[in-house]
Every structure is written in structure tokens, then in C-alpha cells.
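Every number in this text was worked out from the coordinates using simple rules, so none of it is lab data. Note that the structure is a prediction, hence the values are computed from the model and not measured. Cβ coordinates were reconstructed from backbone atoms using ideal geometry, including for glycine residues, and neighbour counts include every protein chain displayed.
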Amino acid sequence: MRIVGTICGTAQPSAIEITGSIITAVAPAEPDLADRHDTLGGPDVMVCPTLFDIQVNGYGGHDLNADEPHPEDVAAVVARLNEVGVGLYCPTVGTAPHEVMASRLRAIADACGDERIAASTVAVHLEGPYISAEDGPRGAHSPAHVCDPDWDRFRQLQDAAGGRIGLVTLAPERRGAIRFIERLVEAGIVAAIGHTAADAAHIRDAVKAGARLATHLGNGAHALLPRHPNYIWEQLAQDALWASIIADGHHLPQSVVKCMIRAKGLERTILISDAVLYAGLEPGDYERDGRLVQVTADGKVQLKGTPFLAGATVDLGRGVANAVSFAGISLPEAVRMATLNPARLMGIDDRFGTVEVGKEASLLLFRWDERGAQMEVLHTLVRGEVV
């Protein structure tokens with residue numbers, strides 16, 4: 001397969017040769033190359049690694065956190081993500097009764113029996129149940145099922161996932177959390193701080209133990225905090241911590257997105273969607289667990305009649321575009337935050353995250369409207385296959 005397009009961050013169209021699942025050549029494109037029948041793209045097309053979203057709870061009406069999950073829902077989420085330019089992702093399982101969480105993980109593992117689903121699934125993100133019980137930091141997680149970390153119980157979840165849990169978000173103030181973080185790191189699992197009410201000492205201890213990420217920084221937090229010190233400033237100040245942020249225009253004000261990106265820097269900021277099952281659905285009212293959820297025309301999802309958010313619906317491509325607008329950064333810089341940066345965090349940057357010879361041919365072809373700061377997805381490839 002051959003692709004013609006301008007690699008994001010370069011000035012001239014390139015011809016990208018793909019053999020099997022690997023990029024085997026990258027060279028300047030000849031003027032008439034795009035007209036050949038065996039070539040995908042064109043001189044007006046941009047190319048970058050496919051987007052990599054490390055926090056996805058559902059999409060298009062399919063819920064990875066359903067009480068009775070099915071592998072078919074996992075496959076449907078992957079298909080919908082592919083449509084919006086996300087070829088790699090971390091399915092995210094949240095707080096629930098232990099056996100329900102295990103069943104969700106088994107559904108993901110079963111879905112990964114399909115090679116195409118497995119190719120898109122980098123690792124499972126376990127978000128809870130080892131999080132704060134306090135209103136605010138707990139977010140939308142069930143208060144009845146948050147708990148202190150327990151390694152034996154975690155191993156049961158890891159077994160249910162077929163060993164696929166590669167990222168765990170927890171609150172470092174919970175009893176036993178620091179030793180738990182150390183054990184995660186020893187097992188090669190990324191430990192993240194999130195849904196926390198931790199003081200500065202707990203955050204410093206977590207970082208010393210090996211925690212590497214602040215999950216959706218600025219969200220899963222109290223509505224009101226002391227101006228300083230507080231756990232948001234402390235995580236921003238920890239140079240060893242990466243930060244994932246939801247740049248949907250609803251979870252964080254534009255000015256906060258700008259300040260967080262500048263504080264963490266281009267190399268330590270990761271864009272995520274934190275998408276829930278309402279992502280990709282039409283605006284309107286939806287009922288879940290006896291409550292009405294409203295999805296607005298601009299993608300905000302909230303408990304109807306309240307100001308409380310009930311998840312995220314803005315896809316990662318729009319998050320990339322928003323980061324350009326909100327933070328005044330370039331498109332290549334924003335793309336990096338949704339490709340190479342998560343790849344580095346998850347330890348797959350040896351095979352993915354840049355468009356160069358020897359790397360995995362998981363790519364995104366798109367057009368960029370600079371004036372409107374919008375990305376039009378044309379083709380998503382995963383390991384050399386157009387998906």
C-alpha cells in the first residue's frame with residue numbers, strides 16, 4: 001500500500017510505503033503519484049499517527065461499563081472510534097462491585113480474541129475502585145464500591161482481563177495505596193493519580209513510589225478548593241507526573257487548558273476524550289439508571305436540570321482541534337499530545353507515535369481547516385489495514 005500526504009509537521013507531500021503492518025519507506029512524493037490507483041490520499045491530505053485515546057468508557061450508545069457487558073459492545077466501540085480517527089485506545093473500566101468489574105474486563109478480553117480489536121487495544125485502564133469516597137473527587141463513581149487497594153483482589157481483576165490491565169488510576173491517600181503503586185510499577189503497570197483528595201505529602205509519596213500520570217487533571221475534584229495549597233497545584237508542580245486533560249470545552253475552561261499545557265509542557269501533556277456511551281449520539285435526553293441525562297448540541301452531557309456533568313462526548317480529534325484554539329499551540333504540537341505522548345507513557349513509542357520507517361502503519365489521513373481549527377477524518381489505518 002502507498003499513501004501520499006503531508007506528514008503533520010512537515011511542509012511537502014511524502015510518499016509512504018506500507019508492507020504488511022509496517023512503514024517501509026518515506027520519500028518525497030512525485031507530482032503525479034497521487035493519481036495512481038494503488039495510492040491513498042493526495043497532496044491536500046495530511047498524515048499523522050492514528051489518534052491514541054487512553055481513556056474511553058463507551059461510544060455510540062455502547063457502554064464498556066454496562067452491568068451486563070458483551071464483547072460485541074467492545075467491538076462496536078472500536079468501530080465508532082475508528083470512524084473519528086482513533087485507531088488505538090485504552091478501554092476504561094470504572095468502579096463497580098468486584099464481580100461486575102471482572103465481567104466487564106472479561107468482555108474486553110473476549111473481544112480481543114478478534115485480532116483487529118486486539119490491534120486497537122493497547123491496554124485496559126482501570127479507573128477505580130481505589131479512589132476517594134468524598135463527594136467531588138469521587139466524581140460519578142459509585143460511593144458504595146470505592147475501597148482501599150488490595151493486591152490479591154486486583155490480581156483477580158487482572159486475571160479476568162487476561163493480563164491486559166496496563167494503567168490504574170487511584171487515590172494515593174487511601175490506606176495501602178503507596179505500596180500498591182510500588183507493586184503496580186514492579187509489574188510494569190502505569191500508576192496514575194486521580195479522583196483524589198490527597199494532600200501534598202501523599203502526592204509526593206505517590207510520585208516517589210512511581211506514579212507517572214495525573215488522570216483528567218482538574219476534574220474528579222471538589223467544586224471549591226483552597227486557593228493554595230491544593231492537589232491540583234501539587235500535581236501540576238510535580239515534574240515527574242504527566243497530565244491527561246479533557247479539552248472538550250466543558251470539563252475545563254479554555255484558560256485552564258492553556259495554563260495546564262504551559263505548566264506541564266508539550267512533552268508531558270496527554271489529550272483524552274474520557275468518552276462515555278453518549279458520544280456520537282444525537283443531542284437529546286437519555287435515561288440511565290432511572291435518571292435523565294441531557295446531551296446538548298455542543299456536546300455537553302449533564303444530569304438534566306442540573307449543572308453536573310455526566311460524562312464526555314467530544315471525540316479526541318475535536319479535542320486536538322480545541323487544544324490548538326484554546327492554548328495557541330500548533331497542530332503538530334496538539335497531534336503529539338494525542339499520539340506520541342500517550343505512546344511514550346504506555347511504553348509503545350518504539351513501534352508507534354511517529355511516521356517513519358520501521359514504525360507501525362497505524363495512521364490517520366485527514367484534512368485540516370486552519371481557519372476553523374477543525375479536523376476532517378478521511379481514513380484510519382491500524383497496522384496497515386484501513387479500518
Restrict the search to segment 241-345; then list the trypsin sites (Lys or Arg not before Pro) that DSSP places in a loop and that have at most 15 other Cβ atoms within 10 Å of their Cβ. 304
Sorting 226, 286, 76 by the position of each Cα along the dipole of the chain (Lys, Arg +1; Asp, Glu -1; all at Cβ), the one nearest the positive end of that ordering is 226
Using label points projected 7 Å from each Cα along Cα→Cβ, tell me how many nm separate residue 114 and residue 148, to one decimal. 4.2 nm
What angle do you read, to the nearest 10 degrees and between 0 and 90, between the alpha-carbon axis of helix 200-209 and the longest principal axis of the chain? 60 degrees
So, for the Cα atoms of segment 75-233, Rg and Dmax in Å stand at 15.8, 49
Expected-Rg normalisation [2.2 N^0.38 Å, Cα atoms] applied to segment 1-60: 1.32
Taking only DSSP H segments of four or more residues, each worth -39500 (n - 2.57), what value at 222 nm results for the chain once the sum is divided by all its residues, to the nearest 500 deg cm²/dmol? -8000 deg cm²/dmol
If you take the charge dipole of segment 50-345 about its Cα centre, with +1 on Lys and Arg Cβ and -1 on Asp and Glu Cβ, which of 146, 257, 129 is farthest toward its positive end? 257
If you take the Cα Rg of the chain and divide it by 2.2 N^0.38 Å, with N the number of residues, what do you get? 0.96
14 Å Cα-Cα reach of residue 304 towards aspartates and glutamates, excluding residues that sit fewer than 8 places from it in its own chain: 285, 287, 289
Work from the charge dipole of the chain (Cβ charges, +1 for Lys and Arg, -1 for Asp and Glu, about the Cα centre) and give the residue of 162, 118, 62 farthest towards its positive end. 162
Based on DSSP loop calls and a cut-off of at most 13 other Cβ atoms within 10 Å, the longest stretch of the chain free of exposed GluC sites (Glu not before Pro) is what? 1-266
Taking Cβ-Cβ under 4.7 Å as the only way to count a partner, pick out the unpartnered cysteines of the chain. 90, 112, 147, 259
Nearest-20 debye value, segment 174-279 charge dipole, Cβ charges on Lys, Arg, Asp, Glu: 160 debye
Specify the angular offset, from 0 to 90 degrees and rounded to the nearest 10, of the alpha carbon long axis of helix 151-160 from the longest principal axis of the alpha carbons in the chain. 40 degrees
Taking Cα atoms, the helix 71-83 axis meets the longest principal axis of the chain at an angle in degrees (rounded to 10) of 50 degrees
Test item: Cα-centred dipole of segment 116-232, Lys/Arg +1 and Asp/Glu -1 on Cβ, debye: 260 debye
Evaluate the distance, in nm, between pseudo-label points positioned 7 Å from the Cα of residue 230 and of residue 351 along their respective Cα→Cβ axes. 4.2 nm
Cα-based convex hull volume of segment 103-168 per residue, rounded to whole Å³: 91 Å³
Given +1 on the Cβ of Lys and Arg, -1 on the Cβ of Asp and Glu, and no further charges, what dipole in debye does the chain carry about its Cα centre, rounded to the nearest 20? 1000 debye
Can you compute log10 of I(q)/I(0) for segment 279-387 with the Debye formula, treating each Cα as one identical point scatterer, at q = 0.15 Å⁻¹? -0.81
Using label points projected 7 Å from each Cα along Cα→Cβ, tell me how many nm separate residue 83 and residue 287, to one decimal. 2.5 nm
Would you pull out the residues with amide H under 5 Å of residue 7's amide H, same chain only if 5 or more places away, H placed 1.01 Å from N? 14, 47
